[in-house]
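The numbers here are math on the coordinates, done by the rules we state, and not lab data. Remember, it's a predicted structure, so these values are computed and weren't measured experimentally. Here Cβ is always computed from backbone atoms with ideal geometry, including for glycine, and neighbour counts include all displayed protein chains.
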Amino acid sequence: MPSGTPVRVRGRHRAETPRRLARINAGTTSGGRYRNAVVAASLGIVAALSSGAAASAGGVAPAVSSDPVSASGPQISATSDATVDFVRPSVTSISKAQLDQQAKDAAAAAKAELLKTQPVNDPSGAQAYASSQLAKFGWGQDQMQALVKLWNLESDWTTTATNSSSGAYGIAQALPGNKMNSAGDDWQTNYRTQIDWGLGYIKDRYGSPSNALAFHYSVGWY
């Protein structure tokens, strides 16, 4: 064969060429798949970033848990965990009772002052007071009837009753009248003072109103 003439390879050369092309194609194919995966991942990241940016640009805040327990720890419920119950006393009823008592005290004080300065002829009031004092002398209410009769005979339960002949004075007809000063210096005007003295006199001299009345029936005085 002349020098410089290309040698045409036959047989084996032809057989190896398709195999090399197959390897190249295989590498190209796998490399292409790898590159496609990388590109797809990159596109996914870009899409996610773009979505976040679009949400921020549109005024949509990222989702944040609104549960206060997970955000700041356990919370206290004012209704279930810390129930506060205020017990209020009945201010209206207490105030009314106090006002009523103050009014009664004021009325009694005013009446007491009045009795000190001027006579008060009040037979029913005098009898009510005498009835309230019986127990202090050891007597029951059964003695009240005898007492009423006794002092009706003496003075008709009149504070200023005066015996023109003897000078006896007051409901109990003390003789002289100033004897009652031992019970109070307002003995001339205050039926309470006169009754206190008269009940003491009956207790000391007769023991009871019924005994004093019986004596009065027998002699006309007591």
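First select every other residue whose beta carbon is under 12 angstrom from the beta carbon of residue 132; then total the charges, Lys and Arg +1, Asp and Glu -1.
Residues close to residue 132 contribute a combined charge of +1.
If you average 1/r over all unlike Cα pairs in region 120-219 and invert the result, what Kirkwood radius do you get in angstrom? Spell out each step's value before the answer.
Values: mean 1/r = 0.0756 Å⁻¹.
Every distinct Cα pair counted, the radius reaches 13.2 Å.
Roughly how many Å is it from the Cα centre of region 117-143 to that of region 187-222, as a whole number?
With region 117-143 and region 187-222 each reduced to a Cα centre, they are spaced 12 Å.
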